[in-house]
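Encoded as structure tokens, the structure appears first; notes follow it.
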Amino acid sequence: MDLTREALQYLTENTIKPKERVVKIGGSNFVIDEAGHYDRIKPRVYNAKDPLRIKTLTGLVDYIKSNLERKEAKLLLHIEKPDEVSLIGLLAEDGSREYLASAQAIVPRFNFDYYLDIEEFNVALQSVFAPTADRDILLKVVGNLKEDNVKTTGDDGVSQAVTIKTGVATAADVKVPNPVTLAPYRTFIEVKQPESKFIFRMKDGPRGAIFEADGGAWRNQAILNIKTFLEGQLTNEIASGKITILA
């Protein structure tokens, strides 16, 4: 809503005192100067100085439920990546958006596409990958592998033959399965780790490596798993309109 020319003239002619030159129009405050011009007074916004850094989804949920300072505020949970979720406010009048908290998962590192010594590979399978049927098969293969026999003869580009120990003094040739379905720890520990396809290859040494073969589709599944977890934990907050989850 704009002030009419007559209203501005009235304010000017009646020498409005400085403290009386603030008028409210359409829910916003305006200040009138000596020449009759008016400027909108921008509301003062009090935002958090720095976002709170959290390492788990559980910690983020606890913060939301106990945050007395923002009881009446409507907030957004933005799932930015498989290992990062941000808690932010709605757009303020001055165009700013408050950044309250960020949950960033602690994810173990694993060198995909890189051949590892078979002992390192064995340890990585047990510590960096969630249990799956194919992980157990790979553990059986690499845990019983004879040092001198990774056969490239008969390698069809998909499966490789290796010799594994089958007893105290016996050995047998087996084919290593490909592709394999594995679930590396790549997102928050509270949610199901997304499974995806990998190509498993071996070299003399022996050494083993796995190569990603799903085009990164696991990221979408991880984000959906996070959304499902948060929806289950924040049912009341979502129903009341306090929290909106963006994935």
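Couplings 3J(HN,Hα) for the range 236-247, derived from phi with the Karplus relation 6.51 cos²θ - 1.76 cosθ + 1.60 (θ = phi - 60°), are 5, 5, 5, 5, 7, x, 6, 10, 10, 9, 10, 10 Hz, where x marks Gly and Pro. Taking amide H as placed 1.01 Å from N in the peptide plane, the amide H of GLU190 sits under 5 Å from that of LEU57, each at least 5 places away or on another chain. Subtracting the Cα-Cα distance of ASN144 and LEU90 from their residue separation scaled by 0.36 nm leaves 13.7 nm.
Protection proxy ranking for 223-235, 127-139, using the average of other Cβ atoms within 10 Å per residue and placing the highest first: 223-235, 127-139. Taking amide H atoms as placed 1.01 Å from N in the peptide plane, the amide H of LEU100 lies under 5 Å from those of LEU87, ILE88, GLY89, each 5 or more residues away in sequence or on another chain. Diffusion of the range 71-145 by Stokes-Einstein, at 25 °C in a medium of 0.890 mPa s and with Rh set to the Kirkwood radius over alpha-carbon pairs, works out to 152 µm²/s.
Read the figures in this text as sums done on the coordinates, not as results from a lab. These figures come from a predicted structure and were not determined experimentally. Here the Cβ is made from the backbone with ideal geometry for all residues, glycine too, and neighbour counts use every protein chain on show.
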